[in-house]
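**Q** Sharing a structure below in structure tokens format, with a few things to ask.
The values are calculated or read from the model by the stated rules, or taken from the named source; none is laboratory data. The structure displayed is predicted, hence computed values, not measured ones. With ideal geometry, Cβ positions are generated from the backbone for all residues, glycine too; neighbour counts draw on all protein chains shown.
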Amino acid sequence: MSLDVEESIKQDIDLRLKDIAKCEIQRERRLKLYTGKDRVIPVLGFLKSYGFIHLAAISCVDWLDDGEFEIVYNLWSYRDKAGILVKTRISRENPEIDTAIPIYEIAETYEREIHEMFGVNFPGNPNLTSLFLEDWNGPPPMRKDFDTRKYAAEKYGMRDLTEQLKIGMDKIKGVRDGDEIL
């Protein structure tokens, strides 16, 4: 298995983006590129002109302990039959990164989802309206510090039934072990 295509792409990127990005080969047909949040749009523009014309996804990873979100752009080159992940980190405190719509129009939908689920703002995106959570008034639900149980208890009057579940499971175990339970 040869990595000639990946090595060629990496060398070109290293040469042209040496001051603003770090590229590495992940495996066959896959590369990763790291850059700062202020460099994402120029990097995406370069990669599109290089042949990575398909934006397959934008995702967000919550690094709660680091106080950051990682925004990941998943690009594909049909010409080279290779993908590249463009990764950058932004602050959780003021989560904001410029929209990628001028480079990839489809970015609007992905950015809407990340805005809704993580609370990341994308200046320049004209449509950061709700995509999935109609009438949602709570905090962004995909953040690692979002407490689902607390939210459900407050919103729907639900209570934690963990202890009752444990007692019930102990009774079931006792029946299996031959104990009589009245």
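**Q** In region 51-88, what count of residues is obtained for those that are in a strand (DSSP E or B) and touching a helix residue (DSSP H, G or I) at 6+ places or on another chain (Cβ under 7 Å)?
**A** The number of residues fulfilling the criteria is 12.
**Q** Sticking with this structure for a sec: Testing GLN26 on (1) farther than 30 Å from GLY138 by Cα; (2) touching a residue at least 24 places away in the same chain (Cβ under 8 Å); (3) part of a helix (DSSP H, G or I), one condition comes back false. Which one is that?
**A** Status for GLN26: all satisfied but (3).
**Q** Additional query: Give ARG39, ARG27 a once-over and let me know the one that is over 24 Å from SER91 (Cα atoms) and in the same structural domain as GLU105 (by TED's automatic domain parsing).
**A** The conditions single out ARG27.
**Q** While we're here: Taking ARG29 as meeting all but one of (1) over 28 Å from GLU116 (Cβ atoms); (2) within 17 Å of the chain's Cα centre (by Cα), write down the number of the exception.
**A** (2)
**Q** Related question: Kindly indicate the residue of region 135-151 that is assigned to a loop (DSSP other than H, G, I, E, B) and of a type in the set (Phe, Trp, Tyr) and also surrounded by the fewest Cβ atoms within 10 Å (Cβ to Cβ) among those meeting that condition.
**A** TRP136
**Q** Being among the small types (Gly, Ala, Ser), modelled with pLDDT under 95 and surrounded by 14 or more Cβ atoms within 10 Å (Cβ to Cβ) is the filter here, so list the residues in region 46-76 that pass it.
**A** GLY51
**Q** Next question, about the same structure. Just checking, does region 124-137 include any residue being touching a helix residue (DSSP H, G or I) at 6+ places or on another chain (Cβ under 7 Å) and under 21 Å from GLY36 (Cβ atoms)?
**A** The answer is yes; a qualifying residue exists.
**Q** Mind telling me which of the residues ILE101, ILE20 ends up being touching a helix residue (DSSP H, G or I) at 6+ places or on another chain (Cβ under 7 Å) and without any contact (Cβ under 8 Å) to a residue 24 or more places away in the chain?
**A** Going through ILE101, ILE20 in turn, just one is touching a helix residue (DSSP H, G or I) at 6+ places or on another chain (Cβ under 7 Å) and without any contact (Cβ under 8 Å) to a residue 24 or more places away in the chain: ILE20.
**Q** Against the conditions (1) touching a residue at least 12 places away in the same chain (Cβ under 8 Å); (2) within 21 Å of the chain's Cα centre (by Cα), where does ASN94 fall short? Just the number, please.
**A** In the conditions (1) touching a residue at least 12 places away in the same chain (Cβ under 8 Å); (2) within 21 Å of the chain's Cα centre (by Cα), ASN94 misses (1) alone.
**Q** Residue under question is ILE9, and the condition is that it be touching a Pro at 6+ places or on another chain (Cβ under 8 Å) and crowded, with 16+ Cβ neighbours inside 10 Å; does it hold?
**A** The answer is no for ILE9.
**Q** Among the candidates GLU113, GLU105, single out the residue that is modelled with pLDDT of 95 or more, of a type in the set (D, E, K, R) and not in a helix (DSSP H, G or I).
**A** Only one candidate passes the filter, namely GLU105.
**Q** I would also like to ask the following. How about region 110-156: which of its residues are within 30 Å of SER49 (Cβ to Cβ) and touching a strand residue (DSSP E or B) at 6+ places or on another chain (Cβ under 9 Å)? Spell out how you get there, then give the answer.
**A** Of all residues in region 110-156, those within 30 Å of SER49 (Cβ to Cβ) come to 110-115, 118, 120-128, 131.
The answer is TYR110, GLU111, GLU113, ILE114, HIS115, PHE118, VAL120, ASN121, PHE122, PRO123, LEU128.
**Q** Turning to a different aspect of this structure: In this structure, does LEU31 turn out to be touching a helix residue (DSSP H, G or I) at 6+ places or on another chain (Cβ under 9 Å), outside any helix (DSSP H, G or I), over 21 Å from PRO123 (Cα atoms) and in contact (Cβ under 8 Å) with a residue 24 or more places away in the chain?
**A** So LEU31 passes the test.
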